[in-house]
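Student: Pasting in a structure now, in structure tokens, and then I'll have a few things to ask.
The values are calculated or read from the model by the stated rules, or taken from the named source; none is laboratory data. Everything quoted here is computed from the prediction, not taken from an experiment. Virtual Cβ from ideal backbone geometry, glycine too; neighbours counted across all protein chains shown.
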Amino acid sequence: MKQPKIHYTKYIIAPFRGMTSPPFGIFIRKDLQGNQQILEHDLIHWKQYQRMGLIMFYFRYFIQLLIIGYDTMPMEMEARQNESENVKWNYRTKYHNHEKTPNRS
């Protein structure tokens with residue numbers, strides 16, 4: 001399995017923190033360099049790309065985004081389900097104001 005090249009750039013506009021752009025790699029905001037949580041999420045998208053192939057990855061992602069919406073689209077749900085509890089908690093509190101603390105057991 002080929003690992004992606006990680007690029008840190010100032011050209012990702014908030015609220016976006018990073019994005020997976022096969023076959024070019026993963027792009028993360030420069031001010032978030034070293035943030036393992038963002039990298040972990042985007043590495044899951046990279047695995048989706050490897051599993052589906054380039055064309056199907058983009059096709060499914062954009063169709064799901066347009067029809068279902070970002071928060072409930074299956075590809076994002078898969079990425080969030082495979083993140084650590086801490087990453088999920090950060091996403092819920094920052095973007096949806098759910099204050100439930102992560103299960104740290």
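Student: So which residues in the range 56-86 are hydroxyl-bearing (Ser, Thr, Tyr) and either farther than 15 Å from GLU40 by Cβ or in contact with a strand residue (DSSP E or B) (Cβ under 7 Å, 6 or more places away or on another chain) (or both)?
Tutor: TYR58, TYR61, TYR70, THR72
Student: Can you tell me which residue is modelled with the lowest pLDDT among those in the range 42-83 that are within 22 Å of LEU32 (Cα to Cα) and aliphatic (A, V, I, L, M)?
Tutor: Only one residue fits best here, namely ALA79.
Student: Take the range 20-30 and flag every residue that is surrounded by 12 or more Cβ atoms within 10 Å (Cβ to Cβ) and free of Cβ contacts under 8 Å to residues at least 24 places away in the same chain.
Tutor: SER21, GLY25, ILE26, PHE27, ILE28, ARG29, LYS30
Student: Considering the range 2-16 alone, what residues qualify as being more than 14 Å from ASP31 (Cβ to Cβ) and either in contact with a His (Cβ under 6 Å, 6 or more places away or on another chain) or aliphatic (A, V, I, L, M) (or both)?
Tutor: ILE6 - this is the single residue of the range 2-16 that is more than 14 Å from ASP31 (Cβ to Cβ) and either in contact with a His (Cβ under 6 Å, 6 or more places away or on another chain) or aliphatic (A, V, I, L, M) (or both).
Student: Continuing with this model, one more query. Within the range 48-69, take every residue that is surrounded by 16 or more Cβ atoms within 10 Å (Cβ to Cβ) and of a type outside the set (Phe, Trp, Tyr) and give me the one that is nearest to GLY18 (Cα to Cα).
Tutor: GLN48
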